[in-house]
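The values are calculated or read from the model by the stated rules, or taken from the named source; none is laboratory data. Fair warning: this is a prediction, and the values are worked out from it, not measured in the lab. Counting neighbours? That spans all protein chains shown, and the Cβs are built from the backbone with ideal geometry, glycine included. With ligands, DNA and RNA removed, areas are computed over all heavy atoms of the protein, side chains included. Shrake-Rupley method; radii C 1.70, N 1.55, O 1.52, S 1.80 Å.
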Amino acid sequence: MIKDNLQKVQSNIRAACDRSGREYDRVSLIAVSKTKPVSDMMEAYDAGIRDFGENKVQEIVEKYEKMPKDTRFHMIGHLQRNKVRQVIDKVVLIHSVDSYRLAQEISVQAQKRGLVSDILVEVNIAGEESKFGLDREGTIQLVSEISELPNIKIKGLMTVAPYVVDSEQNREIFHKIWELAVDIKDKKLDNVSMDILSMGMTGDYMVAIEEGATYVRVGTGIFGERDYGNG
Ligand SMILES: *Cc1c(COP(=O)(O)O)cnc(C)c1O
């Protein structure tokens, strides 16, 4: 079933690329495997998926040991500073940086291990009650502050758009994030590239691609509904 779902998602991605004149290989699919067992992840892995998204440090640490070595883990959830050191060498990209203090800790831990951490800054320009992410001005400010930190590279922006029934409702948000990335890129800051836009989930990834997403994070559409086990 996971394999069939994947084929469906991949053909949807292709269709969205065709509609918007974008190249298929410029869009990467992250399979969001939070709460799902390693056996499900292996089904996706066997179908060719290497990028997996998780939102809990403990889950990454556990799954990291069990998955093949070329698995690429993405931290897509809120990251607490005191847990940075547990995941810094296990993830290829931290999508959810929304404060200078978090970036500082990532920089410190990266220096300790002699590596350079790739991060995205989390933006929330929907202007709604969502818990994390910065507005437009806050994002510009934070990117320029973080760009001064050693051992850290800002690769782009990430957003979690509101849950909507009609994905068209999120088109403007995705477009604004794309514009913001262009504006930041124009500043030509050191250590800032803006090549990655991580946006779009099961409900709206096609619209996100049409508006410039380079990473889409799809969970339910691949693995089915999540069971958080609390009724
Ligand atoms: C859970 C999650 C996703 C995947 O959501 P689906 O609707 O299941 O595709 C994507 N991004 C983030 C940040 C998430 O927490």
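Just the residues that are in contact with a strand residue (DSSP E or B) (Cβ under 9 Å, 6 or more places away or on another chain) and away from the ligand (no atom under 16 Å from the Cβ), please, taken from region 210-231.
Scanning region 210-231 gives GLU211, GLY212.
Give the residue, chosen from ILE94, ILE88, ILE146, that is within 16 Å of the ligand (Cβ to nearest atom) and open to solvent by less than 60 Å² (accessible area, probe 1.4 Å).
So the residue among ILE94, ILE88, ILE146 that is within 16 Å of the ligand (Cβ to nearest atom) and open to solvent by less than 60 Å² (accessible area, probe 1.4 Å) is ILE94.
So in region 14-43, with the set limited to residues that are within 13 Å of the ligand (Cβ to nearest atom) and hydrophobic (A, V, I, L, M, F, W, C), which one is surrounded by the fewest Cβ atoms within 10 Å (Cβ to Cβ)?
Result: LEU29.
Looking at region 52-59, can you tell me whether even one residue there is aliphatic (A, V, I, L, M), crowded, with 21+ Cβ neighbours inside 10 Å and either within 16 Å of the ligand (Cβ to nearest atom) or under 17 Å from LEU120 (Cα atoms) (or both)?
Checked region 52-59: no residue is aliphatic (A, V, I, L, M), crowded, with 21+ Cβ neighbours inside 10 Å and either within 16 Å of the ligand (Cβ to nearest atom) or under 17 Å from LEU120 (Cα atoms) (or both).
Can you run down the residue pairs with Cβ atoms below 6 Å, 6 or more apart or on separate chains, where the first is in region 37-63 and at pLDDT 95 or above and the partner is surrounded by 16 or more Cβ atoms within 10 Å (Cβ to Cβ) and in a loop (DSSP other than H, G, I, E, B)?
Listed by first residue and then by second, the contacts come to MET41/SER33; PHE52/SER33; GLY53/ILE76; GLU54/LYS34; ASN55/LYS34; ASN55/ILE76; ASN55/GLY77; ILE60/LYS90.
Among the numbered conditions (1) aliphatic (A, V, I, L, M); (2) without any contact (Cβ under 8 Å) to a residue 40 or more places away in the chain; (3) surrounded by 14 or more Cβ atoms within 10 Å (Cβ to Cβ), tell me where VAL165 comes up short.
(3)
Against the definition (open to solvent by 30 Å² or more (accessible area, probe 1.4 Å), at pLDDT 95 or above, not hydroxyl-bearing (Ser, Thr, Tyr) and not in a strand (DSSP E or B)), how does LYS153 come out, yes or no?
No, not satisfied.
Anything in region 20-59 that is out of contact with any helix residue (DSSP H, G or I) (no Cβ under 6 Å at 6 or more places or on another chain), farther than 20 Å from LEU93 by Cα and assigned to a helix (DSSP H, G or I)? List them, or say none.
Listed by number, the residues that qualify are SER39, MET42, ASP46.
Among the residues of region 61-114, which ones are under 15 Å from LYS155 (Cα atoms), of a type outside the set (Asp, Glu) and outside any helix (DSSP H, G or I)?
HIS74, MET75, ILE76, VAL91, VAL92, LEU93, ILE94, HIS95, SER96, VAL97
Looking at GLU137, GLU172, which is the one that is exposed (fewer than 15 other Cβ atoms within 10 Å of the Cβ), closer than 18 Å to LYS188 by Cα and without any contact (Cβ under 8 Å) to a residue 24 or more places away in the chain?
Numbers: GLU172 fails: closer than 18 Å to LYS188 by Cα.
Result: GLU137 is the single residue among GLU137, GLU172 that is exposed (fewer than 15 other Cβ atoms within 10 Å of the Cβ), closer than 18 Å to LYS188 by Cα and without any contact (Cβ under 8 Å) to a residue 24 or more places away in the chain.
When residues of region 110-134 are filtered for being at pLDDT 95 or above and either open to solvent by 70 Å² or more (accessible area, probe 1.4 Å) or not acidic (Asp, Glu) (or both), how many remain?
12
For the condition closer than 18 Å to ILE196 by Cα, of a type outside the set (D, E, K, R), within 16 Å of the ligand (Cβ to nearest atom) and out of contact with any Phe, Trp or Tyr (no Cβ under 7 Å at 6 or more places or on another chain), what is the one hit in ILE154, ILE140, ILE119?
It is ILE119.
Can you tell me which residues in region 182-209 are closer than 24 Å to LEU29 by Cβ, more than 11 Å from the ligand (Cβ to nearest atom) and surrounded by fewer than 19 Cβ atoms within 10 Å (Cβ to Cβ)?
Matches in region 182-209: VAL182, LYS185, SER193, ASP195.
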